[in-house]
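The values are calculated or read from the model by the stated rules, or taken from the named source; none is laboratory data. Only a predicted model underlies this, so the values are computations on that prediction, with no experimental measurement involved. Glycine gets a Cβ as well: all are built from the backbone with ideal geometry, and neighbour counts include every protein chain shown.
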Amino acid sequence: MKGKPVRITRRAFSTGATSIAPLLVSRHILGDQNNAAANEKISLAAIGVGKMMYDFHLPHFVKMPDVKVVAVCDVDTTRRNAGKKRVDDAYGNHHCASYVDYRDLLQRNDLDAVVCATPDHWHANIILDTCQAGKDMYCEKPLTNNLAEAKMVLDAVNASEIIFQTGSQQRANTNFRYACELVRNGYIGKVIRVEVGVGGPPRTCDLPGEDAEPGLDWDRWLGPAPMRPYNSELSPRGMHDHFPNWRSFKEYAGGGMTDWGAHHFDIAQWGLGMDKSGPVEIVPPHDAKSRTGVKFIYDNGAELIHGGREGITFYGSDGKIFVNRGRLESKPESIIQSTIGEDEIHLYRSPGNSHAGHRQDWVNCLKQRRQPNCPIEIGARTVAVCHLGNLAYLHAEELAGKTLKWDPKTWNFIGDYSAANRWKNYPYQRREGYQLPSI
């Protein structure tokens, strides 16, 4: 299958780029005699060497027999060098390239695919540039930092025909899949509501300035976000063994709503059969200061509520199912002892459980040129739910009891409060030099 060119234009980045290279296309997408055959190793690069990449992705990709990690990229020298060393040590040589600017990495003709695990506010730029380069992609959730970006990356990936996997690895987990199969097949009766217990919306970053971290390109770390002094809570010094707190601040992420929400709202949509759609109405909490209680209403009448027990609880007319990592419960208990019949709905089964199965699913799909477990539309629509909830919280006082009507087909707010479309680019105006490409 041959990838389609995606016409992308941009203003030059502040790093000094003055032109855009022609579209590059992965060897695995093109069909000429110079391309890697289906049994060749997939040439892979890692963008963003934080805890997720260093501890979860890299150690596993370097062990895959059909993958060769050829490059790493990070704006922090310590993390960049650590990633390179981890790859070199795994292969017993010193040939892994390292980059500060991911766009330089994407120009490699020998590169087939990239894995992105940067902070969320960088995802949209990197996805769009990867589409332009014609490389296949695995991008960590949540896919974007606002609604406008979600629709843009959806359109770009679809136009490019790259093989794209969203890092929502819970879809590869047996418990989550089985719970959704039970719900989809009516084992709890008609679904009345779903509760998703995750953290709340983000807050404005007000961290004090600190002395700069040597070897960190702070301007590039901030990228499209507003300029502010360095703080180690955002980009920890050296290598770190924790997930940094940039996830809490609206300039870089969407708080618990997009962090764990991108996992759990994803499963809720899967169970509701809404992977290619979304809610049609969003109801803010009664208390404008509340950080829980937003309600999403679907066109079939089902309600999705942000709140309740940590995890996902499906309530039906004939019972309920609760699922979380390592937990699967039902009332009556007999529900989760059921066997899904051969002629019933069976959802996508990954070749393994959780992280490992999700990665292997993507690699298999790269070689077979087919869509994986969590392609771009699922990832984009899941993050849209998260952003819709955040907007309802952050504008609850302005809404003053009004609900938001959403059209998942057009990705627009409609009706009495269609003026809310101005919020789709929340939370900020991008910095000069880091605008999104225009497609």
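What to note about this one:
Listed here are the residues, each with its yes/no results for (1) in contact with a Gly (Cβ under 6 Å, 6 or more places away or on another chain); (2) surrounded by 18 or more Cβ atoms within 10 Å (Cβ to Cβ); (3) free of Cβ contacts under 8 Å to residues at least 60 places away in the same chain; (4) of a type in the set (K, R).
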position	(1), (2), (3), (4)
S317	yes, no, no, no
K320	no, yes, no, yes
T339	no, no, yes, no
R369	no, no, no, yes
G389	no, yes, no, no
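- Scanning the stretch 212-254 for residues that are crowded, with 16+ Cβ neighbours inside 10 Å, of a type outside the set (A, V, I, L, M, F, W, C) and not in a loop (DSSP other than H, G, I, E, B) returns R220, N245, R247, S248.
- Criterion: out of contact with any strand residue (DSSP E or B) (no Cβ under 8 Å at 6 or more places or on another chain) and on the phi > 0 side of the Ramachandran plot - qualifying residue of G341, G319, G352: G352
Per-residue answers, yes or no, for (1) modelled with pLDDT of 95 or more; (2) more than 30 Å from V198 (Cα to Cα):
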site	(1), (2)
A71	yes, yes
K85	yes, yes
D88	yes, yes
H95	no, yes
D120	yes, no
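- Scanning the stretch 255-275 for residues that are among the hydrophobic types (A, V, I, L, M, F, W, C) and outside any helix (DSSP H, G or I) yields W260, M274.
- When Y138 is tested against (1) free of Cβ contacts under 8 Å to residues at least 40 places away in the same chain; (2) buried (at least 24 other Cβ atoms within 10 Å of the Cβ), exactly one condition is not met: (1).
- Looking across the stretch 178-211, just one residue is within 21 Å of T258 (Cα to Cα), part of a loop (DSSP other than H, G, I, E, B) and acidic (D, E), and that is D206.
- All conditions but one from (1) assigned to a helix (DSSP H, G or I); (2) in contact with a Phe, Trp or Tyr (Cβ under 9 Å, 6 or more places away or on another chain) apply to F413; the one that does not is (1).
- Matching residues in the stretch 276-306 - criterion: being touching a residue at least 24 places away in the same chain (Cβ under 8 Å), crowded, with 17+ Cβ neighbours inside 10 Å and in a strand (DSSP E or B): I282, V283, F296, E303, L304, I305, H306
- Just one of the listed residues (S168, S160) is buried (at least 24 other Cβ atoms within 10 Å of the Cβ), among the polar types (S, T, N, Q) and within 30 Å of K331 (Cα to Cα), namely S168.
- Checking G223 against (1) touching a Phe, Trp or Tyr at 6+ places or on another chain (Cβ under 7 Å); (2) on the phi < 0 side of the Ramachandran plot, the condition it does not meet: (2)
- Residue check for K367: of a type outside the set (V, I, T), modelled with pLDDT of 95 or more, part of a helix (DSSP H, G or I) and over 22 Å from Y428 (Cα atoms): yes
- From the list C386, C374, the lone residue that is hydrophobic (A, V, I, L, M, F, W, C), within 17 Å of the chain's Cα centre (by Cα) and either within 30 Å of S43 (Cβ to Cβ) or in a loop (DSSP other than H, G, I, E, B) (or both) is C374.
- Just one of the numbered conditions (1) crowded, with 22+ Cβ neighbours inside 10 Å; (2) out of contact with any helix residue (DSSP H, G or I) (no Cβ under 9 Å at 6 or more places or on another chain) is not true of T204: (1).
- Residues of the stretch 329-352 that are in contact with a helix residue (DSSP H, G or I) (Cβ under 6 Å, 6 or more places away or on another chain) and under 23 Å from F56 (Cβ atoms): S350, P351, G352.
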